[in-house]
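**Q** Below are the structure tokens for one structure; questions will follow.
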Amino acid sequence: MPGTCVVGLQWGDEAKGKIVDLLGDRFDFVVRYNGGANAGHTVVANGKTFKLSLLPTGVIRPHVRSVIGNGVVVYPPRFLEEVGRLREGGIDPAGNLALSDHAHVIFPYHMEEERLAESEASGKIGTTGRGIGPCYQDKVGRRFGIRVGDLLHADYLRDRLRYVVPFKNRLLTAFANGHADTLKPLDPDRVADEYLGYAEVLRPFVTDTSRLLQDAFRDGKRVLFEAAQGSLLDVDHGTYPYVTSSSSLPSGIPGGAGVPTKAVQRVIGVVKAYTTRVGRGPFPTELDDGPDGIGERIRKIGREYGTVTGRPRRVGWFDAVAVRYTAALAGADEITVMLLDVLSGLPELKLCTAYDCGGERTTHFPSDSFQLERCRPVYETLPGWTEDITAARKLADLPAAARRYVDRVAELAGLPVSVVSVGPDRAQTILV
Ligand code: IMP
């Protein structure tokens, strides 16, 4: 089964989209198996730029079949908006895009639930506000979950919403904690009418994607699994509770796409040459060094602002302890080092090789976030380079200091580097 997975080994936004794009021609299927419109990727096709959150990156390639697997949570207006934007740009995904009938659906009450939960200082996670967590909560809770396939059965959907919505209204009122006057109770029939309208447009895309993929494997097709978010945001193995609500590691593939465990043969781990994180949670190598500091400089040059929310990303040095941890969990065969050009011009660069946790030195990533909060990074310093490296197309084109930096990242991660990215353009890539 020649399946490949592209997965971020940090806290997301590692530029996985560029790697999927580079590999795009070598695959027949591109599959999303987790998350929803909390992800964000920018793709260029027909000379136009498309910002996608929910649709797989493969959707811009006419010969690639794109799949939204059962493990994804779907907000229909977003799906339709992204399909609409592609159509305006001359790309019609009909016939090329498949949406799992088992994927769960995000409703307005999910967004509202999240907005209220996030408006309280205690327990705030710093989410993207897209209703992701509450929808997954309903999925595993089973009492209120509604799947894409259910949208196609009008009577069932209406009955289900007449049961779910009044309960959600009561829940939201209780959640509003004295601000219930700011809430407008939802009307089940209006929600049903709205979603039945979406259902008609979704219908041609909806299918049993698990069977589709099993047939694809049987026919020897090449399948690429595209992880959303990063491994450190995985609900089980990330920095819980500051994580997303799905399994972003490749271990999420069998469940989230409905394929056998052995479907994945190759795992490509994507890392930035430094580290970023959006939202709350521990971040040992964070550069919190003010408006004139290195952190701000990297943020500006790397345009480190969230694709979905526009929030400034937190920025820090490369953390080899964290990457070794996620590379092992992901079973990464290789790494790709992205955004190396952003580090040009810094006199020296730091790499975190170990943590000092309360006086004890360790090279292991603590499995407990609260322990991680107390860990301080132990750095190794390497010389920087002043040259512009954006025109480099092979390793030999890089200044010696940049080559040394990449070599050291590979050595610390314990994996070979297969790609180095030196700019956003497809051409600004070194294939090692
Ligand atoms: P949620 O996925 O919206 O529930 O957010 C949970 C955490 O994951 C927050 O810290 C978000 O900022 C973060 N997060 C979710 N999606 C992404 C992503 O695609 N890139 C980076 N961070 C993300």
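**Q** Name the lysines eligible as straight-distance cross-link partners of Lys168: C-alpha to C-alpha under 29 Å, and not fewer than 8 places from it in the same chain.
**A** Lys124, Lys139, Lys184
**Q** Multiply the residue gap between Leu171 and Glu81 by 0.36 nm, knock off their C-alpha separation, and tell me the result in nm, one decimal place.
**A** Contour length minus Cα-Cα distance gives 29.5 nm.
**Q** A follow-up question, please. Using each residue's phi in region 327-343, evaluate 6.51 cos²θ - 1.76 cosθ + 1.60 at θ = phi - 60° and report the 3J(HN,Hα) Karplus result to the nearest Hz, with x for Gly and Pro.
**A** 4, 5, 5, 7, x, 5, 8, 7, 10, 10, 9, 9, 6, 4, 4, 5, 8
**Q** Also, I was wondering about something else. Residues with amide H under 5 Å of Val74's amide H, sequence separation 5 or more or different chain, H placed in the peptide plane at 1.01 Å from N; which?
**A** For Val74, the qualifying residues are His104, Val105, Ile106.
**Q** What do you get for Rg/Rh of region 342-432 when both radii come from the Cα atoms and Rh is the Kirkwood radius?
**A** Expressed as Rg/Rh, it is 1.07.
**Q** Shifting gears a bit: Give the share of C-alpha pairs in each 10 angstrom bin for region 90-218, from 0 to the last occupied bin, in whole percents, shortest bins first.
**A** Per 10 Å bin, starting at 0, the Cα pair percentages come out as 11, 36, 31, 16, 5, 0.
**Q** While we're on this one: Report the label-to-label distance for Leu196 and Asp289 in nanometres (one decimal), using points 7 Å from each Cα along the Cα→Cβ vector.
**A** Calculated label separation equals 6.1 nm.
**Q** For region 61-130, what's the radius of gyration and Dmax over Cα atoms, in angstrom?
**A** 15.6, 48
**Q** Over 42 Å apart: what share of the alpha carbon pairs of the chain falls there, rounded to a whole percent?
**A** Here the tail beyond 42 Å accounts for 15 percent of pairs.
**Q** Using the scaling law 2.2 N^0.38 Å as the reference, what is the normalised Cα Rg of region 320-392?
**A** Expressed relative to 2.2 N^0.38 Å, the Cα Rg reads 1.35.
**Q** Follow-up. Which residue, Arg324, Arg277, Arg408, has the most motion in a Gaussian network model of the chain that connects Cα atoms within less than 10 Å?
**A** With Cα springs under 10 Å in the chain, the top fluctuation among Arg324, Arg277, Arg408 is at Arg408.
**Q** Give the Rg (one decimal place) followed by the Dmax (whole number) of region 8-58, computed from C-alpha coordinates and expressed in Å.
**A** Values for region 8-58 (Cα only, Rg and Dmax): 11.0, 31 Å.
**Q** Tell me the relative contact order for the chain as a rounded percent, counting alpha carbon contacts under 8 Å between residues six or more apart.
**A** Computed over the chain, the figure is 19 percent.
**Q** Could you give the angle, 0 to 90 degrees to the nearest 10, between helix 76-88's Cα long axis and the longest principal axis of the Cα atoms of the chain?
**A** The helix 76-88 is inclined about 70 degrees to the chain.
**Q** Which whole-number value in Å³ per residue fits the convex hull of the alpha carbons of region 22-92?
**A** 84
**Q** Oh, and also: Could you compute the FRET efficiency for Ala154 and Lys300, with r as their C-beta to C-beta distance and R0 at 56 Å, rounded to 0.05?
**A** 0.65
**Q** To test your reading of the geometry: what angle, between 0 and 90 degrees and rounded to tens, separates the Cα axis of helix 400-413 from the longest principal axis of the chain?
**A** Result, in degrees: 60.
**Q** So, one more: No partner Cβ under 4.7 angstrom, meaning no disulfide-compatible partner by this rule: which Cys of the chain qualify?
**A** When partners are defined as cysteine Cβ atoms under 4.7 Å apart, the chain leaves Cys5, Cys135, Cys352 without one.
**Q** Can you figure out the FRET efficiency of His63 with Arg203, using R₀ = 22 Å and their beta-carbon distance, to the nearest 0.05?
**A** 0.35
**Q** Provide Glu304, Glu120 ordered by accessible surface of protein heavy atoms (probe 1.4 Å), highest first.
**A** Glu120, Glu304
**Q** If you take the beta carbon distance between Tyr379 and Thr42 as r and set R0 to 45 Å, what does 1/(1 + (r/R0)^6) give as a FRET efficiency, to the nearest 0.05?
**A** Between Tyr379 and Thr42 the formula returns 0.90.
**Q** Follow-up. Give the Kirkwood hydrodynamic radius (Å, one decimal) of region 271-431, defined as one over the mean of 1/r across all pairs of different Cα atoms.
**A** In region 271-431 this quantity evaluates to 16.3 Å.
**Q** Under a straight-distance cross-link criterion of Cα-Cα below 23 Å, which lysines are reachable from Lys394, leaving out those fewer than 8 residues away in the same chain?
**A** Lys16, Lys18, Lys272
**Q** Along the Cα→Cβ direction, 7 angstrom out, place labels at Ala94 and Thr261. What is the inter-label distance in nm?
**A** Result: 4.2 nm between the two label points.
**Q** Mind checking which of Ala263, Ala320, Ala94 has the largest fluctuation in a GNM of the chain, springs on alpha carbons under 10 Å?
**A** Judging by the Gaussian network model, the answer is Ala94.
**Q** Okay, next question. Per residue, how large is the accessible surface of the chain? Use a 1.4 angstrom probe and give square angstrom.
**A** 42
**Q** Also, quick follow-up: Taking θ = phi - 60°, what integer Hz values does the Karplus form 6.51 cos²θ - 1.76 cosθ + 1.60 yield along region 415-428, in sequence order, with x for Gly and Pro?
**A** Those phi angles translate into 9, x, 9, 9, 9, 10, 9, 10, x, x, 5, 4, 6, 7 Hz.
**Q** Out of the total accessible area of the chain (probe 1.4 Å, heavy atoms of protein only), what percent is carbon and sulfur?
**A** For the chain, the apolar C and S fraction of the accessible surface comes to 50 percent.
The values are calculated or read from the model by the stated rules, or taken from the named source; none is laboratory data. The structure displayed is predicted, hence computed values, not measured ones. Here Cβ is always computed from backbone atoms with ideal geometry, including for glycine, and neighbour counts include all displayed protein chains. Remember, those area values only see protein heavy atoms, side chains included, never the ligands or the DNA or RNA. Shrake-Rupley method; radii C 1.70, N 1.55, O 1.52, S 1.80 Å.
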